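Some notes on the structure that comes next.
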Amino acid sequence: MPSYKLMYFNARGRGEGIRLLFAQAGVEYEDCRLTGEEFRDIKTDPERLPLGKLPVLIVDNNPPIPQSSAIERYLAREFGMYGKNTLETIRIDVVCETVLDLFNGTIKFAFEKDEATKAKKKQDFMETDSVNAMKALSKGLQYNSQGKGYFVGTTVTLADIRAFVFFEIVEGMMPEMLDKYSDLKDFQARMKKEPKIAAWLAKRPESSF
């Protein structure tokens, strides 16, 4: 078994999906959480941070792997959570890319300092910008499991992990948005009860989104 070291901040963000893949697979790794100062000290070192960004994954003594989505896909393949065939894999990719679009949509208002502008952007996101993507996720869940299982196949895949991470953000920032999609809300509740995910949620360090 390779040794793994994940370097990220003490935040969920683009690192939590990676942590959840390890948790669901039951694979040990070093969860290295850098402070802002520690990050600045190594930001310009291409040997440690090839793109000057986090997260990076170090596998054994190989060069660090950047890009959170690439890391997630790599681990999902390694851990058998990337579909049983190419059709399942592409369906997983579609869910992941849809969730990424939604995540990027939250960035537009999450760090807005003007409260009135932030409230307007958040409302636009919930009521307009996110609707097509959320409906597509709902339809995909219904297609695979009549809304009672996973997004692809009969076991947890990267698609479920990516969706779960985003829905946690929704629960924290705008829970009323998830109330509009009962099947997605039920999915989130089921994922929290997955034994290995539940174990991680119970012990993970306190951190920001």
- Query: Does at least one position in the stretch 144-163 carry a residue that is over 26 Å from THR86 (Cα atoms) and among the charged types (D, E, K, R)?
  - Reply: no
- Just a yes or no: is a residue in the stretch 42-59 of a type in the set (Asp, Glu) and either assigned to a strand (DSSP E or B) or closer than 22 Å to SER208 by Cβ (or both)? no
- Item | Residue identified as of a type in the set (S, T, N, Q) and under 29 Å from PHE9 (Cα atoms) among ASN132, ASN62, ASN85, ASN144 | ASN62
- Item | Subset of the stretch 183-206 that is open to solvent by less than 30 Å² (accessible area, probe 1.4 Å) and touching a Lys or Arg at 6+ places or on another chain (Cβ under 9 Å) - its residue that is farthest from LEU137 (Cα to Cα) | TRP200
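Conditions (1) among the charged types (D, E, K, R); (2) on the phi < 0 side of the Ramachandran plot; (3) surrounded by fewer than 17 Cβ atoms within 10 Å (Cβ to Cβ), marked per residue:
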position: LEU87; (1), (2), (3): no, yes, yes
position: THR98; (1), (2), (3): no, yes, no
position: ASP101; (1), (2), (3): yes, yes, yes
position: PHE111; (1), (2), (3): no, yes, yes
position: ASN132; (1), (2), (3): no, yes, yes
position: ASP160; (1), (2), (3): yes, yes, no
position: VAL170; (1), (2), (3): no, yes, no
position: TYR181; (1), (2), (3): no, yes, no
- Does GLN142 count as over 30 Å from GLU38 (Cα atoms) and either open to solvent by less than 10 Å² (accessible area, probe 1.4 Å) or without any contact (Cβ under 8 Å) to a residue 40 or more places away in the chain (or both)? no
- Return a yes/no flag: does the stretch 155-167 have any residue that is among the small types (Gly, Ala, Ser), more than 27 Å from ALA25 (Cβ to Cβ) and in a helix (DSSP H, G or I). no
- Message: Residue pairs, Cβ under 9 Å, 6 or more apart or interchain, first in the stretch 112-129 and among the charged types (D, E, K, R), second open to solvent by 90 Å² or more (accessible area, probe 1.4 Å) and outside any helix (DSSP H, G or I). List them.
- Response: LYS118/PHE111
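The values are calculated or read from the model by the stated rules, or taken from the named source; none is laboratory data. Every value quoted in this text rests on a predicted model; they were computed, and no experiment measured them. A quick note on method: Cβ atoms are made from the backbone with ideal geometry, for glycine too, and the neighbour counts reach across all protein chains shown. Protein only, heavy atoms only, side chains kept; ligands, DNA and RNA dropped before computing areas. Shrake-Rupley method; radii C 1.70, N 1.55, O 1.52, S 1.80 Å.
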